[in-house]
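Contents: one structure, followed by commentary.
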Amino acid sequence: MSEQVKLWFFRDLNDAQRLKLFGLFGLPVDEIGNVQGRQMIALKHIGQTLIKMVMEEAAAAPPLAPAVGYQDRVAAAHHALFHDDPTDIAERLARYAEETNEVLQAFGMSREDMHQLVDYTCDRPPGEPAKEIGAALLTLTSLCVIAGYDIMACGEADLEKLQRPETIARIRAKRSTRHGRGPLPGIDPSVRIAFGLEAQGHIPTVEAMLADGLDWPAIGRRIGWHGETAKQYYERHLARAAPSSPMGEAE
């Protein structure tokens with residue numbers, strides 16, 4: 001029994017409150033009375049009873065479902081993007097290198113410094129993948145610490161965006177016209193790219209709802225899009241469909 005509990009029990013509770021507490025736990029109040037020694041024994045009994053109750057409740061509680069980790073959720077998001085057009089390590093490396101360069105660019109690193117680091121790295125022997133992945137994650141986290149960014153908040157925000165219907169449609173359209181398996185994501189300018197509402201076949205539905213007088217929030221709810229985003233993609237569709245409009249590219 002801790003000294004803090006004893007102090008609370010004998011200093012902060014009066015005799016009537018202590019006897020009431022004994023009664024709640026079915027102890028013989030009349031026998032205990034106001035004798036401190038008997039009250040101390042009763043207090044120990046209450047403590048042991050509470051511990052037993054907590055342990056029994058914990059044992060009876062259903063086990064917590066394991067949390068689905070970030071990597072598992074990214075793997076699940078792969079299905080919508082790649083189920084009929086599989087990606088591979090070469091493509092993932094190219095996209096990782098692109099995003100890494102964009103991080104460096106976003107923080108103001110010059111092209112010259114980036115090239116120096118590429119030359120410095122390529123002049124050294126290659127490392128072991130698991131070790132280098134760990135070092136990359138650790139170093140990026142360290143950058144976030146110094147720069148004041150929450151790395152997981154950033155990652156969760158991008159994963160949420162990745163799973164939006166318009167993002168899935170854009171990426172699938174972009175990959176469907178990429179040049180072979182080179183590192184650049186290039187778009188074939190001879191191919192008209194269907195993206196957004198076009199890629200999902202929503203244009204006729206949207207036009208029918210517009211003819212019926214529905215506003216964009218209502219249209220968005222019907223097709224599972226944010227209303228303002230659907231409006232922007234429809235306006236792009238109209239601009240691309242105009243005879244004088246130049247060929248557009250997916251973002």
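Name the pairs: first residue in segment 150-171 and closer than 23 Å to GLU198 by Cβ, second residue among the acidic types (Asp, Glu) and surrounded by 13 or more Cβ atoms within 10 Å (Cβ to Cβ), Cβ to Cβ under 9 Å, at least 6 apart or on different chains?
ALA169/GLU198
Need at least 2 residues that are under 30 Å from ILE168 (Cα atoms) per element, so show me which helices (runs of 4 or more DSSP H) inside segment 9-104 make the cut, counting only ones lying wholly within it. If you could, list the steps in order and put the result at the bottom.
On the way: elements: 15-24, 29-32, 36-60, 70-82.
Where helices (runs of 4 or more DSSP H) fall fully within segment 9-104 and carry at least 2 residues being under 30 Å from ILE168 (Cα atoms), they are 70-82.
Test of understanding: among VAL68, VAL54, which residue is without any contact (Cβ under 8 Å) to a residue 24 or more places away in the chain and either more than 31 Å from the chain's Cα centre (by Cα) or on the phi > 0 side of the Ramachandran plot (or both)? I'd like the intermediate steps shown before the answer.
Details: VAL68 fails: either more than 31 Å from the chain's Cα centre (by Cα) or on the phi > 0 side of the Ramachandran plot (or both).
When all the criteria are applied, what remains is VAL54.
So which residues in segment 148-167 are farther than 30 Å from TYR233 by Cβ and either of a type in the set (Ser, Thr, Tyr) or exposed (fewer than 10 other Cβ atoms within 10 Å of the Cβ) (or both), if there are any at all?
Of everything in segment 148-167, just one residue is farther than 30 Å from TYR233 by Cβ and either of a type in the set (Ser, Thr, Tyr) or exposed (fewer than 10 other Cβ atoms within 10 Å of the Cβ) (or both), namely GLY148.
Considering (1) closer than 20 Å to TYR70 by Cα; (2) at pLDDT below 95; (3) loosely packed, with under 12 Cβ neighbours inside 10 Å, say which one THR139 fails and leave the rest.
(2)
Is it the case that segment 98-114 has a residue that's surrounded by 10 or more Cβ atoms within 10 Å (Cβ to Cβ), in contact with a Pro (Cβ under 9 Å, 6 or more places away or on another chain) and modelled with pLDDT of 85 or more?
The answer is yes, given that some residue of segment 98-114 is surrounded by 10 or more Cβ atoms within 10 Å (Cβ to Cβ), in contact with a Pro (Cβ under 9 Å, 6 or more places away or on another chain) and modelled with pLDDT of 85 or more.
The values are calculated or read from the model by the stated rules, or taken from the named source; none is laboratory data. Because the structure is predicted, anything quoted here is derived from the model rather than measured. Here Cβ is always computed from backbone atoms with ideal geometry, including for glycine, and neighbour counts include all displayed protein chains.
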